[in-house]
Amino acid sequence: MAPAGALLALALVVLSGAGGARAGDCKGQRQVLGGSSGYVSDGPGNYSVNGNCEWLIEAPSLQHRILLTFTFMDTECTYDYLFVYDGDSPRSPLLASLSGSTLPPPIEATSGKMLLHLFSDANYNLLGFNATYRVSLCPHGCSGRGACGADGRCLCPPGWGGPACQDPACPTYCQAHGTCSQASGRCECESGFVGQGCELALGENQGGGRWYNVSAMDSAFHPRAAAAGAFLPSAGALYLFGGLDLNTALGDLIYYNFSTNVWHRLVLSPSPAARHSGAAAAWQGALVLCGGQLADGHLAHDVWTFLPAEGRWRELAPAHGPAPPGLAAHAVALVDPWLYVFGGRTEEDFFSAQLFRFHLESWLWERVVPAGGKAPAAAGHSMVFHPPSRALVVYGGHRPSTARFSMRVNTTDLFHVDLRLWTTLRPRDTPRGPRERAFHSATVIGDYMVVYGGNVHIHYHEEKCYEDEIFFYHLGCHQWVPGRELAHGLPHEREGRGPAGGRYAHVAAVLQGGVLLVAGGFSGVPRGDLLAYKVPAFVFQVPAQNYHLDYCSLYAEEATCAKDPACAWCLDGCQSPAPRSSCPSSGCLGLARLLGDCESCLAFGGGGGSAPLPRAPGPFGWCVQNETCMPIAEQSRCRVGQISGTYGWWGPRPVFVTTLERCQAENFLPGLHLVTYQHPRNDSQPDKVSIVRSTAITLSPSAEMDVSLVYKGFLYPLAGAGAAGGAEPDVAVWARMQRLFVVARLARQPGAADMEEVGRWAAGQERETRPLRRPGGGRLFPVPGRGHKYALQVEGHLNASGHGQASELALLWDRTGLPGGSEISFFFLEPFRSAGGAACTSYPSCLACLADQGCGWCPPAATCHPRTGPPGTGPCGGGSVRLVLAPAHCPHCEDHRDCHACAADPFCEWQVSSSKKGDFLCSRRGRQEGAVRDPQGCPSLCSQRRTCADCLSNSSQCAWCQSTRSCFFFAAYLAKYPYGGCRGWYDSVHSVPQCLDCGRFNTCRECLQHLECGWCGDADNPTLGRCLPGDFSGLRGFANCSDALGTPPGPGPPPRWAYGRCPDVDECRLGLARCHPAAACRNTPDAFECRCRRGYAGDGLTHCNRT
């Protein structure tokens, strides 16, 4: 329910004479509303969880229209929906799927009836909605401007036109740069101008940072979301194919002519099948279409091209080759002549991490096998190609988070198309950048990736749903730029906020290099408009003959100038920095700071054979000991310094790697290996491996309380400067622990492999600090000093001893003999590394391999290899695939989201039981007895289950969609049904009931508490009947209630269908009332009364005493 202000507005409607009825709390209630006007609400307070409430609004006749206007909206975004239908049944056309807190536009039903259905899941509930309605014979009540005729047509006042008097007459806005067309009623623009009023000048640099209306409510543009499209410069038109109108997939091709300001619609044969959630690109004057979800729910992987000059479609059907699976919500980018296709949702509802490319001239598919890095699994993301860096830029979308859920992200990933290497950029610009989103658009304009719209949601904090802002990502400097601040700093420019309400699943394209076009989309209702956004001058400047606009000089404030990566403040003014200028730009932060490993640094920084990045001061290098990427020209920043006058074990000069090939041989990091083993321990397959710089770790309480932690590597006992008499002091080492069993081992001599136990302790609730001691009491480090390293291994085992409290393990030392000690710095620690990588070939798994820093893992061969020495044979020997050097890039069991893929992995198993319902997961093989280790033992995929009971049996990952009567993988819910396509779902974890079966309810009252269940009751005695599927429109599955109940024709009235409310039962007449013999029975709605007769007093039920 809305706050007090909205309630007051509704109260005024009632006091002014509006009819209708007010709904109560949303707890399975149904209500029928009538009258010429009224209001509807879910009631006071928050609506109920796991709720389904319905309101049917009925106009006086089927010729009337019903206009619903919202005054308040607040539901959980993308989970709780208010569905609005044009009719009295969920089988009627769906007009809107409303969610979140954005106020929807007015919604009109033309059938004389409008059904509202509020669905809520088991998560949190919010205030709900308030709306008013009014009835009219004319469209939208003539928008409050014209007179409604008896024939249902609007008589519009001068200056207005359109079926609902919604459009200003063409002469009122078509003035300086257009001519009013008598045929179309639209403004036909002069060359170089676009927009409804031809007010957007394409050849000028003024007017940037503004949105322009181009087209709205054109009959040829049926409103739609999830269409695929592109602007074709040779045809001068924006083309869109397909899409979703909330009821069906569309199969038409529409295009917009920018000179006549009119949409055109084509239905051709042959043509691609109707679809939505596909992807398109422009190539050599043609529209290329790939994939999408078909009308029957299946996913396509076909490729079509539309040739405007010939006016026909052509399917590019390859004769052979590894075609990708059917995909929806994927992304494409053109790297001439290849069409790259990445990610998307598969037929099984999984998120793809595969990259394919299609040769548009030879019609051949090719799977792109990465040479390095790790591709993300994504759907609903964007992807653009940045030619100067030869990189595909993947942004946002949905990513899997657990076996049951997915999440929106604002992550940026890069793929180098020549070196075939993936990297995920470090998140450094979070305050400036967009929030997490999916189904947004991204286009390249100038040096920027321009991101608009998207589905956004912050649980428990903001229910915005539809993003309305526009964001700018500089592709040379790789940073988000504060667009509104910079636009405000330029004369004649405005902020970049979009039209009120925002949208997602729209088509975005670029017109003449500097204008962003946005068509269609979804904002609770499908959109049928076309907008244009002229980017500010800091993004793109229109080329002018013999003139160059130095827009930087327009910034008057130094603070604003510093935020533009292309500008520099110099000599009391802002200007574009020139080569070798004494005033370099300080606003360009550069890509180097975002690259977190050696291979990414050298590949994307121009050090791996690729061209240097634009705006970068030369190629990059990798500072090993700092784990920092930086321009080679700034190598002087690669320094570590000293601790107590002592350099790290590597010496006074850190290692600086400058070529991609040398990463494998030179990038040996400092620190210690931290290896984690879950019970039962398997040394050949650790559960987690990392290299840590700190020797302190805290274990937080979790479900996994039987775990072993192993610090593994080498310790260099380097004394500090100023030791007395120049002699090496004794170095003491302590273990600080809490709630752990700890065993410490240390090599007997420097460089020796054999170790002896130097400590064994069982620490309880109190923190303890114990020294490491040799068994014979000798020096801990017999031969200290530079060049001497001692193998070290410290194990901590936790076996539920913490009782829900954190456990701690830390290594401390004091190189000067003072008590107290401190954590051991990475200056003196080296991760474990077998001599010459001699042990590498014995490691059977990737994590075991990378627990030895002398080794690298070859994913195609699943073998471990030495990092140094001559290259071996096989797929990783010739350089086509690089060895995996970072544990994060290993294939992990947790990456598998379903049982079949998990059990097919020889290193993994699918856990079939869990202490927490709904958290089935894939883990390292050998963890659990009875786990599934063969795909044949897996339950069937969600998409293969045909009934609700089968869907919800033995898998908490599946959910049953009642409206589509299909089973789906719940982790894909947000990506599969982003437009409210699942209008009510059940699962085995949260929803009640788990499966809907009207037949199990024995009374009408019980029956009508459940969605789409109604009562066929005997006309004489309504308690006799059955609960059956149906809705306000009638019974479903039978011709009538007589057929459903098997009642033969007779003289009495036939059984009746009840859905809105249960029929009244006359308990008195039917003898169902239990009144006292001295009492009279009186029937009342939904009950009865027993009143003692004259001369008696009592309750009428148990006693009536004579007076």
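The values are calculated or read from the model by the stated rules, or taken from the named source; none is laboratory data. Quick caveat: nothing in here was measured; it's all calculated off a predicted structure. Using ideal geometry, Cβ is built from the backbone for each residue, glycine included, and neighbour counts are taken over all protein chains shown.
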Hey, does segment 949-967 have a residue that's assigned to a loop (DSSP other than H, G, I, E, B), of a type in the set (Gly, Ala, Ser), on the phi < 0 side of the Ramachandran plot and touching a residue at least 60 places away in the same chain (Cβ under 8 Å)?
yes
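Pull up segment 270-316, narrow it to residues that are in a loop (DSSP other than H, G, I, E, B) and of a type in the set (Asp, Glu), then point me to the one that is nearest to Gly343 (Cα to Cα).
So in segment 270-316, the residues in a loop (DSSP other than H, G, I, E, B) come out as 270-274, 277-278, 284-285, 295-298, 308-311, 316.
Adding the requirement that they be of a type in the set (Asp, Glu) leaves 296, 310.
Details: Asp296: 22, Glu310: 32 Å.
This residue is Asp296.
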Residue, modelled with the lowest pLDDT, within segment 876-896, restricted to residues that are surrounded by 15 or more Cβ atoms within 10 Å (Cβ to Cβ) and more than 30 Å from Phe405 (Cβ to Cβ):
Gly877
Odd one out for Val542 among (1) modelled with pLDDT of 90 or more; (2) in contact with an Asp or Glu (Cβ under 9 Å, 6 or more places away or on another chain); (3) farther than 30 Å from Gln853 by Cβ:
(1)
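In the list Phe604, Phe620, which residue meets the criterion of being buried (at least 22 other Cβ atoms within 10 Å of the Cβ), at pLDDT 90 or above and either assigned by TED's automatic domain parsing to the domain that holds Thr411 or more than 30 Å from the chain's Cα centre (by Cα) (or both)? Give the derivation first.
Details: Phe604 fails: either assigned by TED's automatic domain parsing to the domain that holds Thr411 or more than 30 Å from the chain's Cα centre (by Cα) (or both).
Only one candidate passes the filter, namely Phe620.
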Among residues of segment 964-985 being closer than 17 Å to Cys465 by Cα and hydroxyl-bearing (Ser, Thr, Tyr), the residue surrounded by the fewest Cβ atoms within 10 Å (Cβ to Cβ) is Tyr977
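Residue-by-condition table, conditions (1) in contact with an Asp or Glu (Cβ under 7 Å, 6 or more places away or on another chain); (2) closer than 16 Å to Val384 by Cβ; (3) in the same structural domain as Tyr79 (by TED's automatic domain parsing); (4) surrounded by fewer than 23 Cβ atoms within 10 Å (Cβ to Cβ):
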{"position": "Arg432", "(1), (2), (3), (4)": "no, no, no, yes"}
{"position": "Phe439", "(1), (2), (3), (4)": "no, yes, no, no"}
{"position": "Val444", "(1), (2), (3), (4)": "no, yes, no, yes"}
{"position": "Val450", "(1), (2), (3), (4)": "no, yes, no, no"}
{"position": "Glu469", "(1), (2), (3), (4)": "no, no, no, yes"}
{"position": "Phe472", "(1), (2), (3), (4)": "no, yes, no, no"}
{"position": "Gly476", "(1), (2), (3), (4)": "yes, yes, no, yes"}
Give all pairs with beta carbons closer than 6 Å in which a residue from segment 332-346 that is polar (S, T, N, Q) meets a residue that is surrounded by fewer than 24 Cβ atoms within 10 Å (Cβ to Cβ); count only pairs at least 6 apart in sequence or on separate chains.
Thr346/Pro325; Thr346/Ser352
Identity of the residue in segment 173-228, in a loop (DSSP other than H, G, I, E, B) and among the hydroxyl-bearing types (Ser, Thr, Tyr), that ends up farthest from the chain's Cα centre (by Cα):
Ser181
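Taking the criterion of being at negative phi, part of a strand (DSSP E or B) and either buried (at least 22 other Cβ atoms within 10 Å of the Cβ) or at pLDDT 95 or above (or both), would at least one residue in segment 21-28 satisfy it?
Let us first name the residues in segment 21-28 that are at negative phi, namely 21-27.
The next check asks that each one be part of a strand (DSSP E or B); those that pass are none.
No - not one qualifying residue is present in segment 21-28.
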Which number in (1) farther than 25 Å from Gln957 by Cα; (2) touching a strand residue (DSSP E or B) at 6+ places or on another chain (Cβ under 7 Å); (3) of a type in the set (S, T, N, Q) marks the one condition that Thr1003 misses?
(2)
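Every residue in segment 880-913 that is of a type in the set (Gly, Ala, Ser), assigned to a loop (DSSP other than H, G, I, E, B) and in contact (Cβ under 8 Å) with a residue 40 or more places away in the chain, please.
Step one: list which residues in segment 880-913 are of a type in the set (Gly, Ala, Ser), which gives 880, 886, 888, 901, 903-904, 913.
Narrowing further to those that are assigned to a loop (DSSP other than H, G, I, E, B): 880, 886, 913.
The answer is Ser880, Ala886.
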Go through segment 102-152 and report how many residues are crowded, with 19+ Cβ neighbours inside 10 Å, without any contact (Cβ under 8 Å) to a residue 24 or more places away in the chain and aliphatic (A, V, I, L, M).
0
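Can you find even one residue in segment 62-69 that is farther than 30 Å from Tyr460 by Cβ and of a type in the set (Val, Ile, Thr)?
Taking segment 62-69 and keeping what is farther than 30 Å from Tyr460 by Cβ, we get 62-67.
Narrowing the set further to residues that are of a type in the set (Val, Ile, Thr) leaves 66.
Yes, the conditions are met somewhere in segment 62-69.
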Anything in segment 842-866 that is in contact with a Cys (Cβ under 6 Å, 6 or more places away or on another chain) and either part of a loop (DSSP other than H, G, I, E, B) or surrounded by fewer than 20 Cβ atoms within 10 Å (Cβ to Cβ) (or both)? List them, or say none.
Tyr843
The one condition in (1) touching a strand residue (DSSP E or B) at 6+ places or on another chain (Cβ under 8 Å); (2) among the aliphatic types (A, V, I, L, M); (3) under 27 Å from Arg882 (Cα atoms); (4) loosely packed, with under 15 Cβ neighbours inside 10 Å that Ala696 fails to fulfil
(3)
Within segment 68-86, the count of residues that are free of Cβ contacts under 8 Å to residues at least 60 places away in the same chain, aromatic (Phe, Trp, Tyr) and part of a strand (DSSP E or B) comes to 1
Residue among Leu118, Leu126 that alone is of a type outside the set (Lys, Arg), part of a strand (DSSP E or B) and farther than 16 Å from Val262 by Cα
Leu118
Residue check: is Ser99 assigned by TED's automatic domain parsing to the domain that holds Val32, in contact with a Cys (Cβ under 9 Å, 6 or more places away or on another chain) and either of a type outside the set (A, V, I, L, M) or at pLDDT 95 or above (or both)?
yes
Tell me the residue from Phe405, Phe472, Phe439 that is farther than 30 Å from Asn123 by Cα and of a type outside the set (A, V, I, L, M), please.
Phe472
Regarding segment 400-407, can at least one residue be identified that is under 22 Å from Leu334 (Cβ atoms), in contact with a strand residue (DSSP E or B) (Cβ under 7 Å, 6 or more places away or on another chain) and in contact (Cβ under 8 Å) with a residue 24 or more places away in the chain?
no
Scanning segment 350-372 for residues that are small (Gly, Ala, Ser), more than 18 Å from Phe439 (Cβ to Cβ) and either modelled with pLDDT of 95 or more or surrounded by fewer than 22 Cβ atoms within 10 Å (Cβ to Cβ) (or both) gives Ala353, Ser362, Ala371
Only one of these is in contact with a strand residue (DSSP E or B) (Cβ under 9 Å, 6 or more places away or on another chain) and within 20 Å of Val675 (Cβ to Cβ): Cys858, Cys876, Cys846. Name it.
Cys846
